[in-house]
Amino acid sequence: MADKVRIGFVGAGGIAQAHVDALSKVPDAEIVAITDVSRGAANALAEKTGAKAYDSAADLVKDSGAEALFILLPPFAHGEAEQAALKARLPFFCEKPVGLDEGLLNEIAAEVEKQGLLTSVGYMNRYRQSVNRAKEILADEPPILAFGGWWGGSPGVSPWWTNKSKSGGQFHEQATHTVDIARYLFGEAVEVFAAAANGFNKGIPGYTMDDAVSVVIKFENGGVANLMASASSNAGGSLFLDLHSLNHNFHFTEWNHNVVIKAKGGELEEIKGEEGIFSIEDAVFVAAVRSGDRSGIRSTYADGVKTSLVSLASNRSLETGKPVSL
Ligand SMILES: NC(=O)c1ccc[n+]([C@@H]2O[C@H](COP(=O)([O-])OP(=O)(O)OC[C@H]3O[C@@H](n4cnc5c(N)ncnc54)[C@H](O)[C@@H]3O)[C@@H](O)[C@H]2O)c1
């Protein structure tokens, strides 16, 4: 391997720009190739980074000499990029959520497993000290109840986010971070039951998602959570997760997951969320590709699929009006 890990990007939108910035702080990484269905978007990001633009993920993998892929695509657009990585046995980093189609996700996960391919999924909050301090305490004292989610305002027009058949809806696309942290702390989910509020947001072209969703999740450890998403809270949004075990309360707030931990005796521990979390998760992936040591990776492709299966089950529960077993 050369001095730097040669990286190819599939997708040149908003999160690709965030990873360009993040990787600029990772000395071992070099972005050498970019592709996007919009050739203009690929060209613009290629020009900015000094990378070369390609017509497709398959061409990029064949011709660029990339040693790892960053798959930075909306939920509906997954499949080809992962297949290209698998064909060439290239390690890949995939943004959350890893997709929409359960059959496809299981198929890719099985092939990743068969090849023993190195993968990472963009659940960056798993790298936060606040979250890992909670995990440390909860290892000895299991979580019992959680309440959390993402509340945001009514969206504007979007090419895919507000179209539920493309994004999976806000709970699947955005509150997936909270679902993932709940899985990270509780363990596996066994049952999901969802209800949605609709008809409040009006007149947004192309809008087919729910205005708000509330999802009850039962976990294998016996604990329960009520996680939610809202795209109709215009007086101010928030991102939060409150959780308790027998003797501790955990109060996570804001995007960077600041936490206040309160013990039964009243002692408080406060940890602020770190800045530059995308650089932290990208540096772990790049180091793993270089060394082959995967121990720093906190969410593999298989793990990312499990988080997606929870929110996809919540969509099935919305359709049927019934609880869905996982
Ligand atoms: N980790 C995080 O906190 C975080 C933050 C923002 C976005 N994301 C995730 O990143 C993903 C992409 O979001 P975004 O904000 O970059 O969206 P975006 O709309 O800004 O960009 C998506 C890009 O993908 C391209 N594209 C679509 N289909 C394609 C295909 N089949 N092949 C190649 N390119 C294709 C589009 O042309 C566009 O340039 C989403 O799943 C989103 O949830 C994660």
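Readers should treat all values here as calculations from the given coordinates under stated rules, not as data from a laboratory. As the structure is a computational prediction, the values presented were derived from the model and not from experiment. Cβ sites come from the backbone with ideal geometry, for glycine too, and all protein chains shown count toward neighbours.
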_Just want the answer: with Cβ charges of +1 for Lys and Arg and -1 for Asp and Glu, which residue in A263, G13, H248 is farthest toward the dipole's positive end in the chain?_
G13
_Could you compute Rg(Cα) / (2.2 N^0.38 Å) for region 211-326, with N its residue count?_
1.32
*Relative to the longest principal Cα axis of the chain, at what angle does helix 39-49 sit, 0 to 90 degrees, rounded to 10?*
80 degrees
*Excluding same-chain residues fewer than 8 positions from K264, which lysines have a Cα within less than 29 Å of its Cα?*
K135, K218, K272
*Can you tell which of V26, Y54, V37 lies farthest toward the positive end of the dipole of region 5-117, using +1 and -1 charges on the Cβ of basic and acidic side chains (Lys, Arg; Asp, Glu)?*
V26
*Nitroxide proxy distance, nm - points 7 Å out along Cα→Cβ at S291 and K87*: 3.3 nm
*Can you tell me the alpha carbon radius of gyration of the chain divided by the globular rule-of-thumb value 2.2 N^0.38 Å?*
0.99
*When N is the residue count of region 193-242, what does its C-alpha Rg come to as a fraction of 2.2 N^0.38 Å?*
1.39
*Rounded, prolate or oblate: pick one for region 94-221, where a ≥ b ≥ c are the square roots of the eigenvalues of its C-alpha gyration tensor, a/c under 1.5 means rounded, and failing that, prolate if a/b is larger than b/c, else oblate.*
oblate
_Beyond a 23 Å Cα-Cα separation, which of these cross-linked pairs lie in this structure: K202/K322; K25/K114; K164/K306; K202/K306; K62/K96; K96/K262?_
K202/K322; K25/K114; K202/K306; K62/K96; K96/K262
*Roughly how many nanometres apart are two label points built 7 Å out from the Cα toward the Cβ at N249 and V37?*
4.7 nm
_Between K264 and E102, what's the calculated FRET efficiency when r is the beta-carbon distance and R0 is 56 Å? Round to 0.05._
0.85
_Nearest-20 debye value, the chain charge dipole, Cβ charges on Lys, Arg, Asp, Glu_ = 220 debye
*Got a sec? Which residues in region 218-256 would a label at R316 touch, if it sits 7 Å along Cα→Cβ and we count backbone N under 18 Å?*
218-220
*Tail fraction, Cα-Cα pairs, region 5-117, threshold 17 Å, whole percent*: 49 percent
